Every structure is written in structure tokens, then in C-alpha cells.
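A.B. asks: Let me give you the structure first, and then I'll get to my questions.
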Ligand SMILES: C[S@@+](CC[C@H](N)C(=O)[O-])C[C@H]1O[C@@H](n2cnc3c(N)ncnc32)[C@H](O)[C@@H]1O
């Protein structure tokens with residue numbers, strides 16, 4: 001299993017920063033999904049949520065009216081918290097436990113930066129395998145933007161001690177570990193990696209702290 005930095009410390013701080021004092025996580029998720037165009041899918045589309053975690057994104061996908069969502073998650077501690085265990089399976093992004101050409105769309109949100117760089121082509125090959133021809137891959141991952149560089153500098157200065165939220169955010173960044181550092185260093189090359197895996201781009205943009213990509217399986 002190709003995993004990244006998803007330790008106990010990471011889970012704890014991730015759980016805390018999700019309680020963003022400025023914005024409900026549901027609103028952030030919905031904005032991201034709409035920006036990607038996930039809301040344009042048929043309501044009955046077969047959608048795979050890779051790195052489903054504790055069901056955070058599943059709730060937002062259901063909120064868009066999508067009824068055919070299945071999740072794959074490799075941390076048993078998070079899987080156990082998922083609200084719909086019947087439609088969630090244990091497995092890794094690099095060995096998806098789904099048949100070939102079995103889904104219309106794959107959503108990957110804040111997951112690939114946990115996957116070691118060397119395993120990214122395997123993860124994308126797996127996404128391509130389970131997608132039907134013409135199916136869509138939606139990706140939202142951290143981007144190395146100016147905003148992120150400024151935020152990162154603040155989090156690594158004494159300023160991070162000012163609020164509980166910024167302390168938790170710093171703890172999470174520290175716990176993310178090497179896959180996150182490597183991801184940010186290589187993030188500019190991600191579109192090339194996805195194209196090489198057999199996808200064509202429909203949308204790619206960087207905004208604030210993330211990039212948003214919609215890709216079509218060739
Ligand atoms: C930051 S959370 C995001 C969860 C969810 N996608 C969301 O947007 O709320 C990252 C998730 O990816 C999972 N993950 C990391 N590497 C994975 C892998 N190789 N295969 C499957 N899941 C993975 C982690 O266990 C965690 O649940």
C-alpha cells in the first residue's frame with residue numbers, strides 16, 4: 001500500500017482544523033465541487049470518492065444530489081467513522097478495489113499530497129482503469145501559490161501562536177511530513193503527469209491555496 005503521512009498526530013490536527021472558525025467545511029467543500037463542475041454530473045452518475053476519510057466529502061456530494069457515490073479509504077480509523085459504511089471500501093489509491101471501467105467520475109480532494117511522488121503514476125493509472133472512457137477525474141489539491149508561501153511563512157513564525165486555529169494549522173503542516181513537502185515542490189508539474197497518464201485537460205486553475213483540475217479520460 002502506498003501511503004503517506006497519515007499518523008495519529010496528523011489525524012488529530014486535521015480534525016481540529018476542519019473546525020474552521022471562519023467558514024463551515026460544508027460551504028468550502030461545496031464551493032470546491034462547484035468550481036470543478038461536479039455539480040454538472042447526472043444525479044445517478046457512478047462516482048468514486050478516493051481517500052473518502054470519515055465521510056466529509058461524501059456528505060457534500062450527497063448534498064449535490066449525487067446518489068451513486070462509493071468511497072475508498074485506507075485508514076481503518078477514519079473508515080470506521082464514515083456515515084455510509086455499506087458504500088465504502090478499504091483500499092489504497094494505488095490499488096483501487098473496483099472493476100475496470102466501472103465509474104463515470106472520480107473525485108480526489110486533498111489526497112494525492114499524501115501519496116509518495118514515485119507512486120503518483122500508479123494512482124493515476126488506477127483512476128484511469130476504473131473510469132469508463134470519457135469519464136471525468138476531478139482533482140483539488142494544495143498548490144504552491146504566492147498565498148500559500150505567505151501563509152507558510154506566517155505559520156513558521158511566532159505569529160502562528162496567536163490563535164488556537166493557527167496553532168492547529170501549524171501542527172497539521174508539521175505532521176503532514178515529507179509527502180506534502182515533496183508534493184508542493186513538484187506541484188507545478190502535476191498537469192504534465194496527468195496528461196502522461198492518459199487524460200486531457202478541461203479545466204486547470206490555481207486559486208488561493210489549491211489547484212482545481214477537471215480531466216477527461218481519453
Ligand atoms: C486530507 S484527507 C481528505 C479527505 C476527504 N477527501 C476530504 O476532502 O475531506 C486525506 C485522506 O486521504 C486518505 N489517503 C491518503 N493516502 C491514501 C491512499 N494511498 N489511498 C487511499 N486513501 C488515502 C487519508 O487516509 C485521508 O482520509
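A.B. asks: Within the stretch 77-89, which residues are out of contact with any strand residue (DSSP E or B) (no Cβ under 7 Å at 6 or more places or on another chain) and in contact (Cβ under 8 Å) with a residue 12 or more places away in the chain?
C.D. replies: Filtering the stretch 77-89 down to residues out of contact with any strand residue (DSSP E or B) (no Cβ under 7 Å at 6 or more places or on another chain) leaves 77-78, 80-81, 83-86.
Matches in the stretch 77-89: 77, 78, 81, 83, 84.
A.B. asks: A follow-up question, please. For the stretch 67-74, state whether one or more residues are free of Cβ contacts under 8 Å to residues at least 12 places away in the same chain and under 19 Å from the mean Cα position of the chain (by Cα). Full working, then the answer.
C.D. replies: Within the stretch 67-74, the subset free of Cβ contacts under 8 Å to residues at least 12 places away in the same chain is none.
No: the stretch 67-74 contains no residue that is free of Cβ contacts under 8 Å to residues at least 12 places away in the same chain and under 19 Å from the mean Cα position of the chain (by Cα).
A.B. asks: Something else: Restricting to the stretch 37-56, name every residue that is more than 14 Å from the chain's Cα centre (by Cα) and either part of a loop (DSSP other than H, G, I, E, B) or within 11 Å of the ligand (Cβ to nearest atom) (or both).
C.D. replies: If the condition is that a residue be more than 14 Å from the chain's Cα centre (by Cα) and either part of a loop (DSSP other than H, G, I, E, B) or within 11 Å of the ligand (Cβ to nearest atom) (or both), then 37, 41, 42, 43, 44, 45 are the ones that fit.
A.B. asks: Then there is this: Within the stretch 169-211, how many residues are more than 20 Å from residue 150 (Cβ to Cβ) and part of a strand (DSSP E or B)? Quick ask: steps written out before the conclusion?
C.D. replies: To start, the set of residues in the stretch 169-211 that are more than 20 Å from residue 150 (Cβ to Cβ) comprises 175, 177-179, 182, 186, 189-204.
Within this subset, residues satisfying the condition of being part of a strand (DSSP E or B) are 199-204.
So the answer is 6.
A.B. asks: Next question. Surrounded by fewer than 19 Cβ atoms within 10 Å (Cβ to Cβ), in contact (Cβ under 8 Å) with a residue 12 or more places away in the chain and within 21 Å of residue 133 (Cα to Cα): is that true of residue 30 in this structure? Show your work before the answer.
C.D. replies: On the way: surrounded by fewer than 19 Cβ atoms within 10 Å (Cβ to Cβ): yes; in contact (Cβ under 8 Å) with a residue 12 or more places away in the chain: yes; within 21 Å of residue 133 (Cα to Cα): no.
It is false that residue 30 is surrounded by fewer than 19 Cβ atoms within 10 Å (Cβ to Cβ), in contact (Cβ under 8 Å) with a residue 12 or more places away in the chain and within 21 Å of residue 133 (Cα to Cα).
A.B. asks: Please verify whether the stretch 118-131 includes one or more residues that are within 15 Å of the chain's Cα centre (by Cα), surrounded by fewer than 19 Cβ atoms within 10 Å (Cβ to Cβ) and under 27 Å from residue 215 (Cβ atoms). Can you show your working first?
C.D. replies: Narrowing the stretch 118-131 to residues within 15 Å of the chain's Cα centre (by Cα): 120, 123-124, 127.
Subsequent filtering for residues that are surrounded by fewer than 19 Cβ atoms within 10 Å (Cβ to Cβ) retains none.
Taking every residue of the stretch 118-131 in turn, none turns out to be within 15 Å of the chain's Cα centre (by Cα), surrounded by fewer than 19 Cβ atoms within 10 Å (Cβ to Cβ) and under 27 Å from residue 215 (Cβ atoms).
A.B. asks: Could you list, in sequence order, all residues of the stretch 14-27 that are within 12 Å of the ligand (Cβ to nearest atom), touching a residue at least 12 places away in the same chain (Cβ under 8 Å) and not in a loop (DSSP other than H, G, I, E, B)?
C.D. replies: First pass over the stretch 14-27, keeping only residues within 12 Å of the ligand (Cβ to nearest atom): 14-15, 17-18, 25-26.
If we keep only those that are touching a residue at least 12 places away in the same chain (Cβ under 8 Å) as well, we get 14, 17-18, 25-26.
The answer is 14, 17, 25, 26.
A.B. asks: Considering each of 58, 62, 80 in turn, give the residue that is farther than 25 Å from residue 117 by Cβ and loosely packed, with under 14 Cβ neighbours inside 10 Å.
C.D. replies: On the way: 58 fails: loosely packed, with under 14 Cβ neighbours inside 10 Å; 62 fails: loosely packed, with under 14 Cβ neighbours inside 10 Å.
Result: 80 is the single residue among 58, 62, 80 that is farther than 25 Å from residue 117 by Cβ and loosely packed, with under 14 Cβ neighbours inside 10 Å.
A short reminder: the numbers here are calculations on the coordinates, not readings from a lab. Keep in mind it's a predicted model, so treat the numbers as computed, not measured. Please note: Cβ atoms are built from the backbone with ideal geometry, for glycine as well, and neighbour counts cover all protein chains shown.
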